[in-house]
Amino acid sequence: MARVGRAIRAFTWLLVAAALLFSGTASALLDYDYERRPPHPSYPLGTTVIAIDLGNTNSCAAGYAPGHTESMFHLCIPSWVAFPDDGGVLVGEDAMNYAVVNPDAAAFSGFKRLLGKRVNKLYEGGFVQTVIENLPYKVVEKDVRPHIQMETKDGLVRHFSIEAITTAVFAKLKDMAEAHLGRKVQHAVFTLPQQYCSDAARYAVLHTGKDAGLHAMRILDEPIAAAIAYGLHGKLRDEGNVLVLHIGGGTAEASVLTFANGVFEFLGGDLDPFFGGDDFDRNVMNYFIGLVRDKYGRDISNDTAALRKLRTACEDAKKTLSDMDRARVSIESLVDGVDLSEPLTRAKFEELNHDLFPKLVELLDMVMSEAELKKNKELVNEVILIGGSTMIPKVRELVRDYFGGTKELNTKLKPDEAVTFGATLLSHPTASGYPCMGVNNRYQIGVATDNCYAYDY
């Protein structure tokens, strides 16, 4: 009962904060009756609910067609948004293709980290500035919020909020899901990294989802979604522990969950907001920038178009090296008169990124210390790897070594799809025989005794 009480109070505070945002009346905090417990609304049978995961590199949507729960659809797009001169909006592959023509009119990789942030907020300002310094495009302050600066081919400067760019991604995923299903989609479960789950980030997701035509049924912590995707709520013994390592395009997060009395609870979590696949790509890019300069006498370090081409080629080579020992970085017409075609071995890739791998071990140490399990690693029963960069063989090797080679890593699901897979199962728990699950509070997932519900944000 104590846990239920805490959950209700947490939800109450969420409603109060929303009221403050819209009314601006601080006295609402004083007048609120904490004993008024809102009901747990459930959405009607037959409602089409999709799961959406906004990623730094790729964003995905997944779900089931009503009445066809034998198979799940899963759709992913690059997290790219471009604003052409004609006033339209391009998302995903279309935005990437347009960036070849006008690289100054596209946003990609990393804007998620600025969602819900304010430039002048005391405890956020430093983080925001560091993010801005590491992004490959210009970000400016406008109305205390970060805005991405874009430029038309004619030199017209325009500014777009992070929320507007996120809305474009959500709207694209919504359109793709509707085209796949052949029906309207108006409800979604959204996922966020546990370390990003501040009220501001959640409000930003709620409102960008609404602007995209999607009502948020639930906002779910990514590590819990991953644990559900691997069925650990049915596999773990009581008080069993799981470590979830997520290394995406721009960030890395590690969480330790325990499963007790039918709920997942966080024992610890740590985030490195400046360690991810982009950093691996950047080191490889710097190597090839030097190679082009030495071999061809061309300096492309400030050539935006050439760098976009090189970034894509280096990322493709990194993916190839996940399965093979050798890849080739090939770019036709990198710059005028230069067609690049050079080998890249896995050994060379690891050498170029030798400075990044210790960050992984440090991240694991931090989360295990917070969970008070660093000296008792054997108490971690399961290890889940999610995020595209966990496919790097050296990353998997280091995680295995960290646990003394005794843990079998959960990697069967595609690392970019595991989060949306788990979120979809929670949205349609009867579809695959999963138990009826409900959100108890922002940090727990518990079993609902009567029906499947989600807090109606």
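The values are calculated or read from the model by the stated rules, or taken from the named source; none is laboratory data. Note that the coordinates shown come from a computational prediction; the quantities given were computed from them, not determined experimentally. We place every Cβ from the backbone using ideal geometry, glycine too, and count neighbours over all the protein chains shown. All accessible areas refer to the heavy atoms of the entire protein, side chains included, with ligands and DNA or RNA removed. Shrake-Rupley method; radii C 1.70, N 1.55, O 1.52, S 1.80 Å.
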* Count of the stretch 334-353 residues which are among the acidic types (Asp, Glu) and loosely packed, with under 15 Cβ neighbours inside 10 Å -> 3
* Asked: Which of the residues that make up the stretch 384-394 are crowded, with 22+ Cβ neighbours inside 10 Å and of a type in the set (A, V, I, L, M, F, W, C)?
  -> Ile384, Leu385, Ile386, Ile392
* To do: Report, by residue number, each residue of the stretch 363-373 that is touching a residue at least 40 places away in the same chain (Cβ under 8 Å), open to solvent by 10 Å² or more (accessible area, probe 1.4 Å) and in a helix (DSSP H, G or I).
  => Met366, Ser369, Glu370
* **Top-ranked residue in the stretch 398-433 [being of a type outside the set (A, V, I, L, M, F, W, C), in a helix (DSSP H, G or I) and within 21 Å of Val256 (Cβ to Cβ); ranked as least open to solvent (accessible area, probe 1.4 Å)]** => Gly422
* In the stretch 312-333, the residues that are touching a residue at least 40 places away in the same chain (Cβ under 8 Å) and either crowded, with 18+ Cβ neighbours inside 10 Å or in contact with a Pro (Cβ under 8 Å, 6 or more places away or on another chain) (or both) -> Lys318, Leu321, Ser322, Val329
* Asked: Which one is least open to solvent (accessible area, probe 1.4 Å) among residues in the stretch 292-311 that are touching a residue at least 24 places away in the same chain (Cβ under 8 Å) and outside any helix (DSSP H, G or I)?
  -> Ile300
* Output for the stretch 204-239, where each listed residue is of a type outside the set (A, V, I, L, M, F, W, C), surrounded by 24 or more Cβ atoms within 10 Å (Cβ to Cβ) and touching a strand residue (DSSP E or B) at 6+ places or on another chain (Cβ under 6 Å) -> Gly209, Glu222, Pro223
* Structure fact -> Checked Gln186, Gln149 against criteria (open to solvent by 30 Å² or more (accessible area, probe 1.4 Å) and over 19 Å from Ser59 (Cα atoms)); the one match is Gln149
* May I ask you to say which residue of Ala201, Ala168, Ala164 is of a type in the set (A, V, I, L, M, F, W, C), open to solvent by 40 Å² or more (accessible area, probe 1.4 Å) and in a helix (DSSP H, G or I)? => Ala164
* Would the stretch 216-228 turn up any residue that is assigned to a helix (DSSP H, G or I) and in contact with an Asp or Glu (Cβ under 6 Å, 6 or more places away or on another chain)? -> no
* **Every residue from the stretch 67-98 that is assigned to a helix (DSSP H, G or I) and either within 19 Å of the chain's Cα centre (by Cα) or within 15 Å of Ile165 (Cα to Cα) (or both)** => Glu93, Asp94, Ala95, Met96
* To do: Could you identify the single residue in Leu115, Leu156 that is at pLDDT below 95, open to solvent by less than 30 Å² (accessible area, probe 1.4 Å) and within 24 Å of Gly92 (Cα to Cα)?
  => Leu115
* Of the conditions (1) at pLDDT 90 or above; (2) open to solvent by 10 Å² or more (accessible area, probe 1.4 Å); (3) over 18 Å from Ala418 (Cβ atoms); (4) within 15 Å of the chain's Cα centre (by Cα), Gly248 clears all except one; give me its number. => (3)
* Name every residue in the stretch 244-267 that is in contact with a Ser or Thr (Cβ under 7 Å, 6 or more places away or on another chain) and more than 12 Å from Asn56 (Cβ to Cβ), in order of residue number. => Val244, Leu245, Glu265, Phe266, Leu267
* **Residues located in the stretch 263-281, provided they are touching a Pro at 6+ places or on another chain (Cβ under 9 Å) and not in a strand (DSSP E or B)** => Asp278
